[in-house]
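No value in this document is a laboratory result; all are computed from the given coordinates. A quick note: this is a predicted structure, and the numbers were derived from the prediction, not measured. With ideal geometry, Cβ positions are generated from the backbone for all residues, glycine too; neighbour counts draw on all protein chains shown.
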Amino acid sequence: MKVIASSLRKGNIVEIDGKLGVIVSTENIHPGKGTPVTQMDVRRIADGVKVSLRFKTTEQVERAFVEDRKHQFMYQDSDGFHFMNMETYDQVALPDDIIGNLAAYLQPEMEVTISMHDAVPVAIELPPKAVLEVVETEPSIKSQTAASSYKPALLSNGVRTMVPSFVTAGTRIVVNTSDGSYIERAKE
């Protein structure tokens, strides 16, 4: 299906020169003089190579048809990350290169959306938030104000993030799965 380049967003699957690619980032550029363009970084699914592309904003780009299916994360082994389709109970294994840095946020029985193209998994989308425990952080200083003070913390998944000064080791917090940033204290 052909769409205009300026309508494409991060995570969309496109077909460039007969090869599928996942859009990693996209930006519409409107210079003072000249034609507006859409700049995008695309990771080819077949070999994982990242390429930069530039199109006129009105240029037609082939968007690949993908089917999004709900899956549940089961486990990880040497074959990759294993998921089960929630409707058919079929299992699928995704390699490390599709999961990427999202692997740190996968938790047992977490529901994810896997994008399939011709029955081949090409991309994964995690829930926007995950609850994790702070394993290690600096102690808070009484004179610091809570509004503007952030300190480094190590989470139970091994990721480092910045948290407000009132958060201590052992506190469960909600983090954004796309960048690992602190959202709020978990409501238990």
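A cut-off of 5 Å between modelled amide H atoms, ignoring neighbours fewer than 5 places along the same chain, links Thr57 with Val37, Thr38.
Return the loop-located trypsin sites (Lys or Arg not before Pro) in region 98-188 (DSSP other than H, G, I, E, B) with at most 12 other Cβ atoms within 10 Å of their own Cβ; answer none if there are none.
Numbers: sites: Lys129, Lys142, Arg160, Arg172, Arg185, Lys187; in loops: Lys142, Lys187.
Sparse-neighbourhood loop trypsin sites (Lys or Arg not before Pro): Lys142, Lys187.
Counting pairs of alpha carbon atoms under 8 Å apart in space and at least six apart in sequence, what relative contact order in percent does region 71-160 give?
Details: 120 pairs, mean separation 18.6, N = 90.
Worked out over region 71-160, it gives 21 percent.
Between Glu138 and Asp97, the contour length at 0.36 nm per residue exceeds the alpha carbon distance by 11.4 nm. Cross-link candidates for Lys50: which lysines have Cα within less than 23 Å, leaving aside residues fewer than 8 places away along the same chain? Straight-distance partners of Lys50: Lys2, Lys10, Lys19.
Projecting label points 7 angstrom from Cα along Cα→Cβ for Asn157 and Gln39 puts them 3.0 nm apart. In the set (i) 114; (ii) 173; (iii) 158, the label that goes with volume of the Cα convex hull per residue in Å³ computed for this structure is (iii).
Note on Lys10 and Ser178: their simple-model spin labels are 0.5 nm apart, each label 7 Å out from Cα toward Cβ. Note on Asp17 and Met86: their simple-model spin labels are 3.9 nm apart, each label 7 Å out from Cα toward Cβ.
Using the Cβ of Val14 as centre and a radius below 9 Å, the other residues enclosed give a net charge of -1, where K and R count +1 and D and E count -1.
Relative contact order for the chain: what is it in percent, counting Cα pairs under 8 Å that are at least 6 residues apart?
Working: 395 pairs, mean separation 25.9, N = 188.
Contact order relative to length: 14 percent.
Please list log₁₀ I(q)/I(0) at q = 0.17, 0.19 Å⁻¹ for region 1-102, using the Debye equation with identical point scatterers on the alpha-carbon positions. Taken in order of the listed q values, log10 I(q)/I(0) reads -0.85, -0.97.
Summing +1 for each Lys or Arg and -1 for each Asp or Glu, what net charge is found among the other residues whose Cβ lies under 14 Å from the Cβ of Met74? Spell out each step's value before the answer.
Working: positive: Lys70; negative: Asp77, Asp79, Asp90, Glu109, Glu111.
Charge balance in the 14 Å sphere: -4.
Determine, from the Cβ-Cβ distance of Thr168 and Glu109 and an R0 of 35 Å, the FRET efficiency 1/(1 + (r/R0)^6), rounded to the nearest 0.05.
Efficiency computed from Cβ-Cβ geometry: 0.80.
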